[in-house]
1. Residues with amide H under 5 Å of residue A:85's amide H, sequence separation 5 or more or different chain, H placed in the peptide plane at 1.01 Å from N; which?
2. Lys/Arg Cβ at +1, Asp/Glu Cβ at -1, dipole of chain B taken about the Cα centre: which of B:219, B:251, B:275 is farthest positive-ward?
3. Taking the dipole about the Cα centre of chain B, with the C-beta of Lys and Arg at +1 and of Asp and Glu at -1, give me whichever of B:29, B:67, B:13 is farthest to the positive side.
4. Going by how many other beta carbons lie within 10 Å of each one, how would you line up B:217, A:38, fewest first?
5. If we hang a label 7 Å off Cα along the beta carbon direction at residue B:6, how far is it from the matching labels on the other copies, in nm, shortest first?
6. Taking the axis about which chain A rotates onto chain B, which residue of A lies nearest it as judged by Cβ position, and how many whole Å separate them?
7. Using each residue's phi in segment B:36-46, evaluate 6.51 cos²θ - 1.76 cosθ + 1.60 at θ = phi - 60° and report the 3J(HN,Hα) Karplus result to the nearest Hz, with x for Gly and Pro.
8. P(r) tail for segment A:11-285, what percent of Cα pairs lie past 30 Å?
Protein chains: 2
Amino acid sequence: MRDFSNDTSQLALNTATLGHNLDGHGAGWPVERVINACAERGIGGIVFWRREVGSRAVEIGARARAAGLRVDGLCRTPFLTGPLALPSRQQIMDDFRSSIDMAADLGAPILTIVTGGVEPGTKGAGPSLDLVTDRVAEVAPYAAERGVSLALEPLNPVYGGNRSCLTTVRDALDICDRIGAPNLGVAVDVYHVWWDTELSMQLRRAGPERLLGYHLCDWLADTRDVLLDRGMMGDGVADLRGLRAAMEGAGYGGPCEVEIFSADNWWKRDPDEVLDVMVERFRTAC
Amino acid sequence: MRDFSNDTSQLALNTATLGHNLDGHGAGWPVERVINACAERGIGGIVFWRREVGSRAVEIGARARAAGLRVDGLCRTPFLTGPLALPSRQQIMDDFRSSIDMAADLGAPILTIVTGGVEPGTKGAGPSLDLVTDRVAEVAPYAAERGVSLALEPLNPVYGGNRSCLTTVRDALDICDRIGAPNLGVAVDVYHVWWDTELSMQLRRAGPERLLGYHLCDWLADTRDVLLDRGMMGDGVADLRGLRAAMEGAGYGGPCEVEIFSADNWWKRDPDEVLDVMVERFRTAC
């Protein structure tokens, strides 16, 4: 297992941790200031959201690299299914391709897929997972052309209805198996999978080529809001050491991306404090 | 698959559906009125909560049977682990035995176990599942003496931190395998497991002897509160027909218990209306 007690090169900031700096939450720092604050602390990578990037993908990617950061990824595709997806298949697929273009322009090697929930008019996860499979299979070659890998991110089953019919690493790998694209894999977020006792086995099944991301936060025992009450590493009940050991035991050697949605706690704090605590916890609690 | 379109003999009311009639929610109907309202509609069974029964277990059980109802179960054991459990091991085990006594006095063949969450001072589900296993193994013989079967109920992973380290039928069966008690099995609640794509396989693994209960409600796509916003059958995204087919395909032939926690909707309605809708949906949507 890698020793991160004095090494933050594999630590990455997902900008959601600062409350989506550009959309009115949090301190409202511009992207440049976030990039510099990461670089000053030796944080190795950064992951942006589309809403922050807008039409500035090439510029922002270059600026991050000039500051010494990797751009480790982009959040995220549109929902591909479910009640929150765009109205038409054509709109969904067009926006899916746009998100790939943005990742390519940014120089982000990984684009995260959040599948969307249960397709209206259907019941259970199965038919929606089939739809997701079809839509990802259709777009994966285009992503490959643009040098972008697609990371299916299973979300906690509490989001199964509206945000993600994909709820386990097992199901994500089943989709990967069905599609068989070399640029398709899985993003593993501790918030979503910490409870899954077969996770280690599924990670070994995935193997290093399909493990495309590892997202850190913590599951608070007394979670008050399933969207916006994530914990800082060490403050919850997830076995963060065990989870990272399982990832690395399966061959993962990539970045550890901190993604904390926390409307009532971390998003209300000074971003400098949040980044300092994040670095400290990465060294001591992960 | 059984045809329930004109048969409510296997329908059971879990009294939570009426807002825990005796604890200040809902209409405040006394137990006797609930029993009569079920009997009048041809509902075959009823499941009580300990708080409603108090010291009247023998009397209430007899009254239900006199009205023509089965008492199909009792909710529930105390939490065996986690932040919401009683302070000491002794208190937990004493209350566990008391809940068995109440089930026996009531004439309820099944007592539901809700395990409790992650034990303070530990991380991940594993150590808490071990604790649950030890505690259930210790008490199972006493339950057998009293003629009570124990049904481990996995809860949705959203409750993993505080209410149930047990989140899948797979893990419940692993505990059953480890303990090997003939009066230990699993209760399957569609709210908690609807998203699990390996459910059918795990139900076949369980077999009829270990499938001790089947709980109905629905998962609303836009669930606003994970404790108290359950849907009526047909109003959500769970594949209720498919789930019952999987249960029965695995040999289940017992009751279907409707358990709907719904503070802002069903609990605010006239209990007579709730029961009427429940019967109709059982016939048409399950």
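Values in this text are rule-based calculations from the coordinates and carry no lab data. No experiment lies behind these values; they were computed from the predicted model shown. Using ideal geometry, Cβ is built from the backbone for each residue, glycine included, and neighbour counts are taken over all protein chains shown.
1. Distant-sequence amide H within range of residue A:85: zero hits.
2. Among B:219, B:251, B:275, the one farthest towards the positive end of the dipole of chain B is B:251.
3. B:67
4. Fewest to most other Cβ atoms nearby, the residues stand as A:38, B:217.
5. Shortest to longest, the spacings are 8.1 nm.
6. A:158, 2
7. Couplings: 5, 5, 5, 4, 4, 8, x, 5, x, x, 9 Hz.
8. 24
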